[in-house]
Ligand SMILES: NC(=O)c1ccc[n+]([C@@H]2O[C@H](COP(=O)([O-])OP(=O)(O)OC[C@H]3O[C@@H](n4cnc5c(N)ncnc54)[C@H](OP(=O)(O)O)[C@@H]3O)[C@@H](O)[C@H]2O)c1
C-alpha cells in the first residue's frame with residue numbers, strides 16, 4: 001500500500017519506516033522536507049501522493065515545556081490542531097489515519113492503576129491535555145466514516161531517530177550517566193509500561209495487515225514498572241555494578257505533574273512481549 005509517514009526521522013517514525021518498507025510503498029517526510037503546520041504544503045503532499053494510509057508520528061513531546069503558556073501553543077498546534085486537520089484530510093482523500101497518543105491522557109490519581117482502551121481520559125498535565133484534545137478531534141470525525149487507528153503507547157525506547165533533535169530514551173540516559181557516576185537516583189513511581197519502538201512498529205504493521213477494526217488501541221510491551229525498576233533491569237542485563245537509589249517524583253523539580261499509575265491494558269490485539277526481552281534485544285544490537 002502507499003503510505004505517508006510524517007515525522008519519519010523521529011524515534012518511532014524511523015522504526016516504522018524500516019518495518020513497513022518491506023511490504024509497502026513509503027513516502028517518508030520530516031521537518032526538513034516541509035513544516036506539517038504549513039497547510040498548503042501538507043495539502044500539496046497529500047494531493048500529489050494520494051496515499052492509502054497516513055501515519056502521523058509528529059508531536060510536541062517536551063512534557064515540562066508544555067506547562068509554559070507560549071510553548072503550550074506549539075503543543076496545541078502539533079498535538080491537537082494537526083490531528084484535527086489530518087482527520088479532515090483523511091475523510092476528504094479517503095485514507096486510513098494512524099495517530100499515536102500517550103498514557104499521560106490518564107491522571108492515575110484515583111484508585112485505578114490500569115486503563116483499558118474504553119476508559120475516559122482525565123489528563124493531569126498540559127502535555128496530556130494537548131494529546132487528549134488531539135484524540136477528541138479524531139474521535140469527533142469517526143461518525144462521519146473516518147478510517148483511523150488511535151494508538152496509545154508509553155515510555156518509548158529503541159534506536160534513536162536521525163532527526164537533528166531526536167531525544168535519547170530513558171535507558172540511553174541511564175547508561176550514559178552510569179559512565180561517570182557510580183550512584184544514580186531514579187524515581188520509583190510512575191508505574192507504566194516501556195515500549196520498544198521496533199515492537200510498536202511491528203504491532204502497527206499487524207493492525208494494517210490484519211485490517212483491524214478502526215478504533216483505539218493500547219500498544220505497549222508487557223510488564224508494568226517504575227523508572228527505578230527499569231534502571232535496575234538495565235544494569236542487571238548489562239552486568240554493570242551501579243548503585244541505584246529510589247526517590248519520589250516530588251524529589252525532582254519538574255513543572256509538569258506525572259501520573260503515578262498509567263498502565264495501558266492491551267485488551268484488543270496480540271500482546272507485545274515483556275519489555276525485559278525487548279530491552280535485551282536492544283542492548284545486544286547496540
Ligand atoms: N517518546 C515517548 O516516550 C512517547 C510516549 C507516549 C507516546 N508518544 C507518542 O509517540 C509519537 C512518536 O513520538 P517520538 O518520541 O517518536 O517523537 P519524536 O522522536 O520527537 O519524532 C517527532 C518527529 O516529528 C518531527 N516534527 C516536529 N515538528 C514538526 C513539524 N512542524 N513539521 C515537520 N516535522 C516535525 C520532529 O522533527 P524535529 O526532531 O526536528 O523536531 C521529529 O522528527 C508521538 O505522537 C508521541 O506523542 C511518545
Residue within region 30-40 that is modelled with pLDDT of 95 or more, surrounded by fewer than 17 Cβ atoms within 10 Å (Cβ to Cβ) and within 26 Å of residue 143 (Cα to Cα) present:
yes
Quick one: in region 165-189, of everything that is assigned to a loop (DSSP other than H, G, I, E, B) and under 22 Å from the mean Cα position of the chain (by Cα), which residue is nearest to the ligand (Cβ to nearest atom)?
165
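From 253, 243, grab the single residue that is at pLDDT below 95 and either assigned by TED's automatic domain parsing to the domain that holds residue 51 or exposed (fewer than 15 other Cβ atoms within 10 Å of the Cβ) (or both).
Working: 243 fails: at pLDDT below 95.
From the options 253, 243, the qualifying one is 253.
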So which of 100, 127 ends up being part of a strand (DSSP E or B), within 16 Å of the ligand (Cβ to nearest atom) and crowded, with 16+ Cβ neighbours inside 10 Å?
100
Do you know which residues across region 199-225 are buried (at least 19 other Cβ atoms within 10 Å of the Cβ) and farther than 15 Å from residue 266 by Cα?
201, 208, 225
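Among the residues of region 83-97, write down those that are in a helix (DSSP H, G or I) and within 13 Å of the ligand (Cβ to nearest atom).
Initial filter on region 83-97 (in a helix (DSSP H, G or I)): 83-93.
Selection gives 83, 85, 86.
Tell me which residues, restricted to region 167-180, are touching a residue at least 40 places away in the same chain (Cβ under 8 Å) and farther than 30 Å from residue 58 by Cβ. Let's see the steps before the verdict.
Our first condition is that a residue be touching a residue at least 40 places away in the same chain (Cβ under 8 Å); within region 167-180, this holds for 167, 169-171, 174-175, 178.
Residue satisfying the conditions is 178 alone.
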Give, as residue ranges, the helices (runs of 4 or more DSSP H) completely inside region 193-286 that count at least 2 residues that are without any contact (Cβ under 8 Å) to a residue 60 or more places away in the chain.
227-237, 275-285
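Can you tell me which of 39, 35, 119 is free of Cβ contacts under 8 Å to residues at least 60 places away in the same chain, away from the ligand (no atom under 11 Å from the Cβ) and over 30 Å from residue 223 (Cα atoms)?
On the way: 35 fails: away from the ligand (no atom under 11 Å from the Cβ); 119 fails: over 30 Å from residue 223 (Cα atoms).
Among 39, 35, 119, only 39 is free of Cβ contacts under 8 Å to residues at least 60 places away in the same chain, away from the ligand (no atom under 11 Å from the Cβ) and over 30 Å from residue 223 (Cα atoms).
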Would you confirm whether any residue within region 176-185 is crowded, with 19+ Cβ neighbours inside 10 Å and in the same structural domain as residue 243 (by TED's automatic domain parsing)?
yes
With respect to residue 162, determine if the residue is within 13 Å of the ligand (Cβ to nearest atom), at negative phi and in a strand (DSSP E or B).
no
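The values are calculated or read from the model by the stated rules, or taken from the named source; none is laboratory data. Keep in mind that this is a model prediction, so the values were computed, not measured. Don't worry about glycine lacking a Cβ; one is built from the backbone with ideal geometry, like all the others, and counts go over all protein chains shown.
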